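Here is the structure we will look at, set down as structure tokens.
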Amino acid sequence: MAGICGIIQKKSKVEEGRLNAAFERMLSRLPANSNQSSDRLVQDSFWIGKSFPITHGNEPGIIHNPELSVYGVIEGLVYVNDSAKTLVQGENREVEFSSQNQYIPYLYAKYSIDFVKHLTGWFNIFLFDQKQGLAILVNDRIGFLPMFIYDSGEEFIFASKIESILASGLMASIGFDAVSCAEQFLFNYQLSNHSLIKNINTLSAATVHQLKPDGENKTIYWSPRELIVEKPLPRKEGFEIINQALEVAISKAFANHQGDVAITLTGGWDGRLVLSYALGKFSERTHTFSYGTTNSPDIVIPQTIAQSEGFRYKPFLLDQTYIGNYFPDSASSTIILSNGVRGYRRAPYLYVMPKLLGISNLILSGNFGDEMLKFAALKPSEVQSEALINYIQSDFKERPHFPHQLFQDQFLTNTNSFDLIDEWNCRLQGLEDEMSCYNNRSKKYNHLKLTRIANRFFGYEVNSYNDYTNSFSPFLDFDFITAFSKTIYCGIYHPFNENRIKDKELIAMLYASLVKKNHKTLAKYNTDRGYSMDDVTNPFGKILAYTKKRFSKGALEKESGFSEHTSKLFDQLHQSAYPDSFEKYLQYPYDKVENGVNKNLMSRVQSLEFWIGYITNQYLK
């Protein structure tokens with residue numbers, strides 16, 4: 001699970017020993033903890049490897065198919081559709097297929113580079129066709145897991161973690177990309193395919209990158225445009241399609257995994273919707289969990305539901321023991337492993353994930369549920385910043401201004417921001433050109449969330465803790481996305497961000513009706529908003545929901561005090577590490593804020609500086 005890496009020799013024959021050493025350094029930097037194993041293959045002019053947890057002895061390693069002369073390596077979760085499986089099995093009756101990954105060489109032999117169209121899941125796949133001397137790097141349709149690329153002209157290098165490339169020693173120089181830093185400041189992540197390191201890029205979503213002896217070729221094999229239908233299914237038919245698609249997606253996770261599955265259950269709606277399906281067919285294999293302070297809604301609500309319904313639940317308390325003994329390490333690791341994208345407030349993930357190994361090595365989450373299902377009103381958050389929302393609201397006609405002030409007193413002090421404006425505008429122009437095929441903001445936002453938000457936020461999250469566990473969300477399943485996009489419930493077919501009551505009621509009723517159809521009693525318990533799903537299905541309950549949703553959630557969150565404790569602790573850590581710059585960073589978001597800058601910028605500035613300081617100490621000194 002930890003990741004994959006590789007070197008493909010393109011032109012001049014570099015000394016083999018040098019590339020061997022570079023590859024071993026790359027492979028050693030993939031895992032984030034010592035409890036990892038690795039597999040490697042060196043053949044012809046390529047070096048490929050994979051790192052995965054020792055506890056997962058059956059983790060698929062290198063693809064090695066001498067009969068077809070196809071070799072490779074896979075990262076992530078791969079699901080082969082049933083029709084393709086049946087076809088491959090029928091044509092290869094002598095082969096005993098024991099894993100999804102085993103089908104890949106046969107699908108490639110049959111469909112060439114179109115093999116990827118017969119897969120779903122979240123993956124990066126490298127294949128080498130020895131007969132043609134062809135190397136192929138592909139990812140899934142939304143490019144969920146990051147794949148970093150560096151091309152020196154002589155070698156093509158790829159890795160799941162950016163540090164793996166930095167550690168190779170094959171880069172002519174290492175420097176920070178100031179425009180990428182500006183993107184991260186304003187949007188929370190990069191909207192372009194540039195990384196925070198100059199000359200290291202990320203693989204675009206739905207990409208097939210071919211490297212041949214006589215050159216290379218890169219194609220995009222899918223676009224969110226393909227999801228749009230002329231006449232979406234109305235409520236009744238749409239509901240049935242969505243219900244079936246969620247059932248299939250959740251069954252896919254259980255069917256392709258042995259043992260129990262850990263489901264995130266908080267005070268929100270998405271986890272409860274997922275749980276309603278799991279308790280139907282897979283109750284004996286379902287184990288729920290959440291984390292939070294003792295009296296927070298994310299502990300109290302799931303604990304109440306589990307006790308009443310009789311299913312297994314494990315709370316992970318973020319108490320003073322966690323704050324004092326575990327928070328510093330988990331906060332630092334969260335920032336480092338996400339390239340500064342995920343701030344210290346997301347630290348509990350890396351505290352909880354190792355502890356989950358005793359329960360399951362697969363998490364079934366509600367990730368991307370809000371983004372996929374809800375569309376009535378967008379609010380600035382870690383997922384989508386105020387600057388990004390304003391950019392979309394303007395129909396991509398009013399570009400965010402380059403944040404000059406970020407470079408006047410900040411850590412990139414040797415950078416003249418005025419020299420970077422052309423590059424800033426060039427990147428935004430590229431995004432605007434990409435959006436030009438759509439005729440309204442709703443379709444443009446749908447494209448953005450499936451090609452940027454899903455991978456740049458949620459993908460980086462999963463990549464930061466995949467040394468411990470895989471993560472599956474039915475809301476990110478391509479078959480579900482396709483089915484949902486055919487219905488009137490999809491935001492594509494409604495005005496963008498108009499905050500209409502009827503739009504909110506449409507989706508609230510969808511959530512409630514799906515839960516009640518699959519496990520009715522789950523709808524009666526309050527959510528973290530102070531009302532239940534049952535409430536949104538009747539007139540009196542709607543009045544209750546309307547009055548409480550403005551006040552209850554904020555009050556419940558305030559009671560936990562967790563963010564306040566961790567913020568203060570990280571401030572202390574940051575002040576200790578950067579005493580000269582701490583005060584100006586602490587005051588920056590309030591004293592120098594520009595219109596459209598993310599309101600949570602303080603943690604962003606601190607987290608990104610922390611990451612840059614770490615990279616500087618590791619690779620530039």
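Rule-based calculations on the coordinates, nothing more; no lab input. The model shown is predicted, which means the values in this text are computed figures rather than measured ones. Cβ: placed from backbone, ideal geometry, glycine included. Neighbour counts: every protein chain shown.
Quick notes
- Helical runs (DSSP H, four residues minimum) scored at -39500 (n - 2.57) apiece and divided by the length of the chain put the mean residue ellipticity at 222 nm at -12000 deg cm²/dmol.
- Cα shape, region 328-386, gyration tensor, a/c 1.5 rule: oblate
- Per residue convex hull volume, Cα atoms of region 227-274, in Å³: 105 Å³
- R0 of 25 Å, Cβ-Cβ distance residue 377-residue 482: FRET efficiency to nearest 0.05: 0.50
- Membrane-span-like helices in the chain (whole DSSP H runs, Cα extent of at least 24 Å along the helix axis, mean Kyte-Doolittle hydropathy of at least -1.0): 235-255, 501-519, 601-619.
- Separation of the residue 240 and residue 225 label points, Cα + 7 Å toward Cβ, nm: 3.3 nm
- Tensor-based shape of region 165-276 (alpha-carbon gyration tensor, a/c under 1.5 rounded, otherwise prolate or oblate): prolate
- Placing a pseudo-label 7 Å from each Cα along the Cα-to-Cβ vector at residue 325 and residue 173 gives an inter-label distance of 4.8 nm.
- With the highest mean first, a sort of the peptides 372-384, 494-506 on other beta-carbon atoms found within 10 angstrom per residue produces 372-384, 494-506.
- Sorting the Cα pairs of the chain by distance into bins of 10 Å, from 0 upward, gives 3, 16, 27, 29, 19, 6, 1, 0 percent per bin.
- Extension gain for residue 37 to residue 130 (0.36 nm times residue separation, less C-alpha to C-alpha distance): 30.8 nm.
- Remark: the residue 152-residue 92 segment gains 17.6 nm on full extension, using 0.36 nm per residue and subtracting the alpha carbon distance.
- Placing R0 at 41 angstrom, the Cβ-Cβ distance between residue 251 and residue 418 gives a FRET efficiency of 0.15 after rounding to 0.05.
- Environment charge of residue 177, counting only residues whose C-beta is closer than 10 Å and scoring Lys/Arg +1, Asp/Glu -1: -1
- You can think of it this way: the chain between residue 303 and residue 67 has 79.6 nm of extra reach, that is 0.36 nm per residue less the Cα-Cα gap.
- Volume of the Cα convex hull of region 3-225, divided per residue and given in Å³: 135 Å³
- Treating r as the C-beta distance of residue 618 and residue 20 and R0 as 25 Å, the FRET efficiency rounds to 0.70.
- Restricting region 165-260 to GluC sites (Glu not before Pro) in coil, as DSSP defines it, with at most 12 other Cβ within 10 Å: 230
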